[in-house]
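Since every read-out is calculated from the coordinates, none of them should be taken as a lab result. Small disclaimer: the values here were computed from a predicted structure and weren't measured. Every residue, glycine among them, receives a Cβ derived from its backbone with ideal geometry; neighbour counts consider all protein chains shown.
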Amino acid sequence: MSAPTARDLRALLGDDAVASGSIRHYLGDETEGRGVLGRADAVCLPHDAEQVAAVVSWCYERGVPIVPRGGGTGYTGGAVPIEGGVVVSLERIARVRSFDPLLWRIHVEAGVRTADLRRIVRESGLYFPPDPGAAEQSEIGGNIATNAGGPHAFKYGVTGSWVTGLEAVLPPGELVRVGGAIRKDVSGYDLKSVLIGSEGTLGIVTAAWLRLIPAPEVSLPVAGFYRDTASGAGAIAAVLGNGIAAAALEYLDAGTLAAALATYPGELPDDPRFLVIAEADGSAPEAQRVHAELREALAEDAAAIHAPDSPAEVAALWRWRHGVSIAVTAQRGGKVSEDIVVPVDRLGEAIERTLEIGARYDLSTCSWGHAGDGNLHSTFMVDANDDAELARAHAASEELFALAVELGGSISGEHGIGWVKRDQLARQWPPRLLELHAAVKDAFDPKGLMNPGKKR
Ligand SMILES: Cc1cc2nc3c(=O)[nH]c(=O)nc-3n(C[C@H](O)[C@H](O)[C@H](O)COP(=O)(O)OP(=O)(O)OC[C@H]3O[C@@H](n4cnc5c(N)ncnc54)[C@H](O)[C@@H]3O)c2cc1C
């Protein structure tokens with residue numbers, strides 16, 4: 001921490017808007033298990049958007065890097081202050097500014113936690129579908145900045161699909177608004193969408209207008225266990241090929257099951273090597289119809305089917321699914337986990353080749369993810385204190401990115417580029433697109449102070 005920076009920011013914002021004592025919590029995110037940690041000159045905890053604008057303006061005048069931070073659950077080191085500077089945490093800017101249940105919309109500040117938002121609207125019979133796995137800790141501002149997905153993105157789309165307007169602070173410190181409580185807007189270039197997924201490199205989101213839908217009456221998952229990847233991939237293809245409108249379509253491979261099955265909330269067959277979870281939702285008759293179709297499609301080659309139907313059992317299944325990432329980390333204490341995406345017909349091949357890559361680098365390897373979206377969390381389990389193993393895992397990740405591009409996919413389906421995938425965009429984009437990407441950054445942030453080193 002730099003004493004003069006913290007002192008000046010206290011004078012600007014008031015004592016309680018600048019962290020004192022240990023700031024360790026603000027120096028890392030979920031990439032700590034792969035050895036990523038930063039250093040900050042100060043950590044600001046502003047109370048409102050005007051204070052965010054004041055910090056950005058102060059930093060911009062002095063050439064100080066600015067690192068926006070949400071819940072710190074990111075997997076790419078996006079919120080980590082790698083080059084020092086001032087961390088701006090949105091955690092206190094967390095009010096619901098207005099909620100109009102009858103108009104299916106809500107206006108919230110960036111620091112509202114994802115799970116709280118989902119609970120608030122659910123109490124009025126409404127649904128905010130994006131459900132990234134760390135929802136109790138992640139913030140809506142972080143979800144917007146990463147354009148987060150989650151299991152139900154298969155049917156409902158990623159976070160950006162639900163944002164109708166943004167309030168943001170842009171360099172050199174101006175509070176702007178794009179879109180709002182409106183459901184359509186084609187005026188000008190789509191700057192709202194440019195900000196969504198920009199990972200804090202163009203500005204700081206301070207509030208968002210979100211659209212909502214009536215909550216599905218019923219959600220009915222089906223879990224199919226298989227003896228091998230080929231049968232599981234066949235079941236996924238059967239769901240798609242039969243035109244079954246699943247709300248979520250997830251998979252877990254053998255290594256993932258080995259890490260996570262001990263706490264599975266249901267009966268298990270002997271030695272399952274692949275799991276597919278699909279869910280039907282909607283009105284009760286619709287959900288039951290889709291559920292029956294899913295059951296039939298998944299049962300074909302399954303070793304066992306588990307179909308919980310009480311709300312408590314359904315919630316337990318999803319709680320378990322959201323805990324899988326943590327169970328995998330617990331195997332070796334750390335992990336290098338990517339989120340490549342491939343055309344859905346290449347999913348089985350990508351799962352097998354992930355294992356081949358890991359084996360070549362002598363790494364414990366597994367993958368799980370959002371099968372319907374072709375999105376794999378290809379993961380190398382590591383001891384974060386073992387530099388040689390970490391280096392092998394990072395080299396293996398490079399091969400994963402090459403694999404994604406070879407199969408016609410992308411190096412990131414939902415976690416973003418952040419710090420850990422810096423310079424990888426050149427694998428999938430030609431020079432002209434990279435030039436435009438850099439020009440957009442330059443137009444928003446001519447001094448390059450917004451989250452430097454990230455998303456490039
Ligand atoms: C167990 C687990 C499961 C997960 N499952 C999923 C999943 O299913 N789908 C998925 O997409 N992700 C998933 N994630 C990753 C992570 O939760 C998401 O990327 C999430 O959107 C990050 O939100 P956050 O508030 O924690 O942001 P942070 O980690 O704090 O920041 C992420 C990025 O956004 C920027 N940022 C944060 N807030 C703002 C703001 N207000 N304005 C501008 N920039 C900002 C930061 O600078 C950084 O670049 C998971 C993570 C964990 C730990």
The helices (runs of 4 or more DSSP H) lying entirely within the stretch 100-183 that contain at least 2 residues which are surrounded by fewer than 19 Cβ atoms within 10 Å (Cβ to Cβ) and within 14 Å of the ligand (Cβ to nearest atom) are 114-122
Any residue that is of a type in the set (S, T, N, Q), part of a strand (DSSP E or B) and out of contact with any Cys (no Cβ under 8 Å at 6 or more places or on another chain) - is there at least one of those in the stretch 80-98? yes
Check: Based on what the data block shows, is Val336 buried (at least 18 other Cβ atoms within 10 Å of the Cβ), under 15 Å from the mean Cα position of the chain (by Cα) and within 16 Å of the ligand (Cβ to nearest atom)?
Finding: no
Of Ala223, Ala215, Ala207, the only residue that is closer than 30 Å to Val328 by Cβ and in contact (Cβ under 8 Å) with a residue 40 or more places away in the chain is Ala223
Taking the stretch 184-212 and keeping residues away from the ligand (no atom under 16 Å from the Cβ), assigned to a strand (DSSP E or B) and out of contact with any helix residue (DSSP H, G or I) (no Cβ under 8 Å at 6 or more places or on another chain) leaves none
Apart from one, (1) under 30 Å from Arg332 (Cα atoms); (2) part of a helix (DSSP H, G or I); (3) touching a helix residue (DSSP H, G or I) at 6+ places or on another chain (Cβ under 7 Å) all hold for Val440; the odd one out is (1)
Of the residues in the stretch 244-295, those that are of a type in the set (D, E, K, R) and more than 19 Å from Val314 (Cα to Cα) come to Asp253, Asp270, Asp271, Arg273
Screening Ala245, Ala284 for residues that are in contact (Cβ under 8 Å) with a residue 60 or more places away in the chain, surrounded by fewer than 21 Cβ atoms within 10 Å (Cβ to Cβ) and farther than 20 Å from Gly150 by Cα leaves only Ala284
| said: Given the criteria under 21 Å from the mean Cα position of the chain (by Cα) and at negative phi, does Glu435 qualify? | reply: no
Note: among Ala235, Ala258, just one is in a helix (DSSP H, G or I) and surrounded by 20 or more Cβ atoms within 10 Å (Cβ to Cβ), namely Ala235
Across the stretch 15-55, the tally of residues that are more than 18 Å from Ala79 (Cβ to Cβ) and without any contact (Cβ under 8 Å) to a residue 24 or more places away in the chain stands at 3
Residue count, the stretch 79-105, condition under 13 Å from Asp48 (Cα atoms) and of a type outside the set (Lys, Arg), comes to 7
Restricted to the stretch 272-312 and to residues being farther than 22 Å from Ser231 by Cα and small (Gly, Ala, Ser), the residue farthest from the chain's Cα centre (by Cα) is Ala284
